[in-house]
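**Q** Here it is, the structure in full.
The values are calculated or read from the model by the stated rules, or taken from the named source; none is laboratory data. Note that the structure is a prediction, hence the values are computed from the model and not measured. Every residue, glycine as well, gets a Cβ built from its backbone with ideal geometry; the counts of neighbours run over all protein chains shown.
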Amino acid sequence: MQQTPNAPGEHALVIGAGMSGLLGARVLANHFECVTVLDRDRLADGPVSRKGVPQGRHLHSLAVRGSELLEGFFPGLDAELSEAGCPAVDQAGDTVTDVPSGRLPRFTSGIVMRAVSRDLLEWRIRKRLLRNSRIRFISNREATGLLLDKSTNRVTGLSTRIRGGEGTEEFKADLILDASGQSSRMPRWLAELGLETPEETVVDAGLGYATRWYRVPDDFVGNWKSLAVLPQWPEEPRGGSLRRVEGDRWTAVLVGIGADNQPPNDPAAFQEFARSLPSPTIADALEDAEPISPAYGYRRTANRRRHYDNLDTMPENLLVIGDAACVMNPTYGQGMTLAALSATALETSLSKNRSLKGLARDFHRRQTRALAPSWTTSASSDAQWSVDSLEELGSLQRFAHRVSEEVFRMAVADPKVARPLLQVKNLVKRPRALLRPGILLPVLRRTLSKLRRPGKPETATHSTRDA
Ligand SMILES: Cc1cc2nc3c(=O)[nH]c(=O)nc-3n(C[C@H](O)[C@H](O)[C@H](O)COP(=O)(O)OP(=O)(O)OC[C@H]3O[C@@H](n4cnc5c(N)ncnc54)[C@H](O)[C@@H]3O)c2cc1C
């Protein structure tokens, strides 16, 4: 085996073969001679959904920034996905996006998303990693706790068991990366060892999801590959998306904010809910499409951040990545991109540190910084959605809400505003791209004048014209 210069250790263990675990393993293989990835699920040789990743059945948008980062980790991946039939979707040219103030302009934006199902993407990445002689996967193996050397306060491995079986086994390692998703048991395991547990910040908009898969009708002639109806609280608490992915399939997802707007799992009610959206585009498209799956529901959509970066007693060779550390409302379609950003932070941390000393603190801080712009946007907009009316918001939040409404209104009228909005959504630009004077000044002017003279919210009538 090739020796790694300045390696921080020989063996790294990864808990979980989801996107964060796969990308984490890809990075760790640059620094450790052997990387073992454990997953409690059986990892099939194919794009099949599995119990440990229930969200895999839902629409997974790969933001453009995420595609770019994945291409960096796995050169040629995008071409491979294209060959597998995953369409390229221009975010304005191929997409019809309806917002309460109207329809975003259709133009060739050059902001192009690869439309791929989560199952296919995960499998293709896993296949790439299987070609790496330093990485091995162990299926049906569940991590059940940490092994700690109290004298050094370093973890020495994991206790594990075969899923559904009797056998237990300890795995020794120089470094452990927890990528076990939002159900991570790390806080409990730390507490069991008498170590500090992270504080949590939770922001829950009470948003529900339902997804159903359809075959694209043979005679489909629409000039779009993707439809989106964005909710805008409190006037429009319901929304949805529909996108063409590989295999000539549409994934349709419906979302609703609050107890009265949870999308149903019942097939007939699913279509009825689609019809209740402020724009008819999705319901019209589904009318003649053949469903090929049940409707799947999902309710665990809160933003949750565990502050591992603030722990003083965290073992320095124990890292927590991805949804296990910070999960965001999935409607924003960023989780896989954030996993890739976290993996990039891991690479920087390992390259700079070249040892395990202080690694956990360094990595967790870098990860927090990398995710901060998305966390701020997601948590602040969901904090608005989590109250019942605008009046319950503080004056600053109410102001921010109005500003965001005005940005959308301008974007409907002007591709020069729609473009940065789509770039921010795809994480290729930071939210401050929307703060340039040409956007900010008219937005502030209109917001202030509306706050002085409040009236009925202006909403547009949507049609299927050009959809
Ligand atoms: C409804 C929904 C829709 C979403 N839509 C999008 C989207 O459009 N775009 C996007 O980018 N992201 C989306 N996401 C988010 C995305 O799925 C995740 O953020 C991303 O995949 C990173 O997850 P992860 O790898 O950290 O965790 P997960 O994907 O949850 O993977 C965790 C893995 O750990 C394994 N595991 C758990 N516990 C153990 C254990 N004790 N021992 C061994 N193995 C274990 C599980 O089997 C699983 O394989 C969505 C999420 C949801 C819920």
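For (1) farther than 23 Å from A252 by Cβ; (2) under 17 Å from the mean Cα position of the chain (by Cα); (3) within 15 Å of the ligand (Cβ to nearest atom), each residue gets a yes or a no:
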site: G24; (1), (2), (3): yes, yes, yes
site: P47; (1), (2), (3): no, no, yes
site: L59; (1), (2), (3): no, yes, yes
site: P100; (1), (2), (3): no, no, no
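**Q** For the range 245-265, what are the residues that are more than 19 Å from Y332 (Cβ to Cβ), surrounded by fewer than 22 Cβ atoms within 10 Å (Cβ to Cβ) and touching a helix residue (DSSP H, G or I) at 6+ places or on another chain (Cβ under 9 Å)?
**A** Residues satisfying the conditions are E246, G247, P264.
**Q** Here's a follow-up. State all residues of the range 266-322 that are crowded, with 17+ Cβ neighbours inside 10 Å, in a helix (DSSP H, G or I) and touching a helix residue (DSSP H, G or I) at 6+ places or on another chain (Cβ under 8 Å); if no residue qualifies, say none.
**A** Q271, A274, I282, A283, L286, Y308, D309, G322
**Q** Next question. On the given criteria, is R354 free of Cβ contacts under 8 Å to residues at least 60 places away in the same chain and surrounded by fewer than 17 Cβ atoms within 10 Å (Cβ to Cβ)? So that I can check it myself, show each step before the final result.
**A** Numbers: free of Cβ contacts under 8 Å to residues at least 60 places away in the same chain: no; surrounded by fewer than 17 Cβ atoms within 10 Å (Cβ to Cβ): yes.
No; evaluated as a whole, the condition is false for this residue.
**Q** Filter the range 182-194 for residues that are surrounded by fewer than 21 Cβ atoms within 10 Å (Cβ to Cβ) and touching a residue at least 60 places away in the same chain (Cβ under 8 Å); which is nearest to the ligand (Cβ to nearest atom)?
**A** Only one residue fits best here, namely Q182.
**Q** While we're on this one: Where residues in the range 323-334 are modelled with pLDDT of 95 or more and outside any loop (DSSP other than H, G, I, E, B), which of them is nearest to the ligand (Cβ to nearest atom)?
**A** D323
**Q** So, one more: Would you check if D149 is away from the ligand (no atom under 11 Å from the Cβ), charged (D, E, K, R) and more than 30 Å from K416 (Cα to Cα)?
**A** Yes, satisfied.
**Q** Would you check if A12 is within 16 Å of the ligand (Cβ to nearest atom), in contact (Cβ under 8 Å) with a residue 60 or more places away in the chain, closer than 30 Å to K172 by Cβ and small (G, A, S)? Quick ask: steps written out before the conclusion?
**A** Numbers: within 16 Å of the ligand (Cβ to nearest atom): yes; in contact (Cβ under 8 Å) with a residue 60 or more places away in the chain: yes; closer than 30 Å to K172 by Cβ: yes; small (G, A, S): yes.
Yes; evaluated as a whole, the condition is true for this residue.
**Q** Here is a further query. Looking at the structure I just gave you, is T211 surrounded by fewer than 16 Cβ atoms within 10 Å (Cβ to Cβ), under 25 Å from the mean Cα position of the chain (by Cα) and in contact (Cβ under 8 Å) with a residue 60 or more places away in the chain?
**A** Judged against the criteria, T211 is not a match.
**Q** If you don't mind, another one. What number of residues within the range 68-123 satisfy the criterion of being over 25 Å from D284 (Cβ atoms), surrounded by 18 or more Cβ atoms within 10 Å (Cβ to Cβ), among the acidic types (D, E) and in contact (Cβ under 8 Å) with a residue 60 or more places away in the chain?
**A** 2
**Q** Specify which of the listed residues (T368, T337, T344, T377) is touching a residue at least 40 places away in the same chain (Cβ under 8 Å), within 16 Å of the ligand (Cβ to nearest atom) and buried (at least 20 other Cβ atoms within 10 Å of the Cβ). Step through it out loud before you land on a result.
**A** Numbers: T368 fails: buried (at least 20 other Cβ atoms within 10 Å of the Cβ); T344 fails: buried (at least 20 other Cβ atoms within 10 Å of the Cβ); T377 fails: buried (at least 20 other Cβ atoms within 10 Å of the Cβ).
None of the other options fit; the residue is T337.
**Q** Given the criterion in a strand (DSSP E or B), of a type outside the set (D, E) and surrounded by 15 or more Cβ atoms within 10 Å (Cβ to Cβ), identify the matching residue among T160, T197. Break it down stepwise before answering.
**A** Details: T197 fails: in a strand (DSSP E or B).
It is T160.
**Q** Cβ contacts < 6 Å: first residue polar (S, T, N, Q), restricted to the range 44-67; second residue in a loop (DSSP other than H, G, I, E, B) and within 8 Å of the ligand (Cβ to nearest atom), any location; separation 6+ or different chain. Result?
**A** From the range 44-67, the pairs are S61/G333.
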